[in-house]
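No value in this document is a laboratory result; all are computed from the given coordinates. As the structure is a prediction and not an experimental result, all values here were calculated from the model. Reconstructed Cβ throughout: ideal geometry from the backbone, glycine too, with neighbour counts over all protein chains shown.
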Amino acid sequence: MPDSPTDLIAAPTAATLRPLRVVLAGPRGFCAGVDRAIRVVEEALRRYGAPVYVRHEIVHNRTVVETLEAQGAIFVEELDEVPENAHVVFSAHGVPKAVPEEAQRRKLAYLDATCPLVSKVHREAERHSSEARHILMIGHAGHPEVVGTMGQLPPGAVTLVQNAAEAETVTPGVTERLAFITQTTLSVDDTAEIIDILRRRFPDIEGPRREDICYATTNRQAAVKAIAQECDLLIVIGSPNSSNSQRLREVAERAGAGRAVLVPKVAEMDFSVLDGARTVGITAGASAPESLVQEVLSALAARYSLQIEERQVTTEDVIFKLPYPLA
């Protein structure tokens, strides 16, 4: 005889689970800059041994940070938390010029894991400044990438423009010699609107041939747009402080998804959001590892009979070399 009434309840099988169609957006997850930054920390640990200090989260993902912490990385916010003679890594977001200057003054051995596409924006800012242009930077106040980029130049050389409303009202001290640059992880559509406004107001403004938004941000947003209208729910796997992940959620909502949610990891997922959903899309921000996607799929497979399809809008083959002296 069964020990309890619950023993009479059969375990769910594929035949008894509700069907759920899952569309995986591609590309998704790690970009070349994130992969490079993580490899910088791992290689530094291998060569120099633990601990290796990292200024700010190497990328905006707690799973990545905790994995590196387990290997011996210590994350700090400022260099005054780093002891003498230690090795320190600067995050993928980039840092103001004052940071490596301070590291040199303190004779710290530092490695720069700044994404090369962010470094490209830094060089653009320096070029415009050397040619006596005032710079309008399109980006979000307080984001480490924006802080790092604006910190390449003296105070007052760059004016931040966060949205279309600010683009309509910004009043730089000069209007004859202007240039614009952009954060690499913005909404492609929002940025295009802001640039159009700036070009209308300041017809002679200089800028890159195309916005500085990186290939990975552009591709992941395009992949979300390609599936959003089919989805009752679109799950974006990524951390709340990840700009590119937040933009994916916003793009999904605007592109027609019934609902879009940001999920840092499966342990923090509210499965009630799937109630009534027939088609669910899944993507991951550029700083979210594929393992988090697979964990979500495993959790869904335990609750639903899944029909999974992959929707790939483009293939990425970008690889960035490690910085000196790790290369």
Q) To the nearest 500 deg cm²/dmol, what mean residue ellipticity at 222 nm is calculated for the chain from DSSP H runs of n ≥ 4 alone, each contributing -39,500 (n - 2.57), summed and divided by the residues? A) -11000 deg cm²/dmol
Q: Work through the residues other than Val40 whose Cβ is under 13 Å from its Cβ and net out their charges, Lys, Arg +1 and Asp, Glu -1.
A: +2
Q) Using the C-alpha gyration tensor of the stretch 32-115, what are the square roots of 5 times its eigenvalues, in whole angstrom, with the largest one first? A) 18, 14, 11
Q: Just rank Tyr48, Tyr304, fewest to most, by other beta-carbon atoms within 10 angstrom.
A: Tyr48, Tyr304
Q) Out of Phe30, Phe271, Phe75, any idea which swings most in a Gaussian network model of the chain, alpha carbons joined below 10 Å? A) Phe271
Q) Tell me, what is the percent relative contact order of the chain, built from C-alpha pairs under 8 Å that lie six or more residues apart? A) 25 percent
Q. About its Cα centre, how strong a charge dipole does the chain have in debye, to the nearest 20, once Lys and Arg get +1 and Asp and Glu get -1 at the Cβ?
A. 620 debye
Q | Global geometry of the stretch 117-201, whether rounded, prolate or oblate, following the gyration tensor of its Cα atoms and the 1.5 cut on a/c | A | oblate
Q: Give me Ile235, Ile308 ranked fewest to most by other Cβ atoms within 10 Å of their Cβ, as a rough exposure proxy.
A: Ile308, Ile235
Q. Around Pro264, with a cut-off of 14 angstrom between Cβ atoms, what is the net charge of the other residues, counting Lys and Arg +1 and Asp and Glu -1?
A. -2
Q. Taking neighbour counts of Cβ atoms within 10 Å as a proxy for exposure, in what order, fewest first, do Ile282, Ile194 appear?
A. Ile282, Ile194
Q. Which one is right for this structure if Rg and Dmax of the Cα atoms in Å is calculated from it: [x] 21.8, 67; [y] 22.6, 89; [z] 18.5, 58?
A. [y]
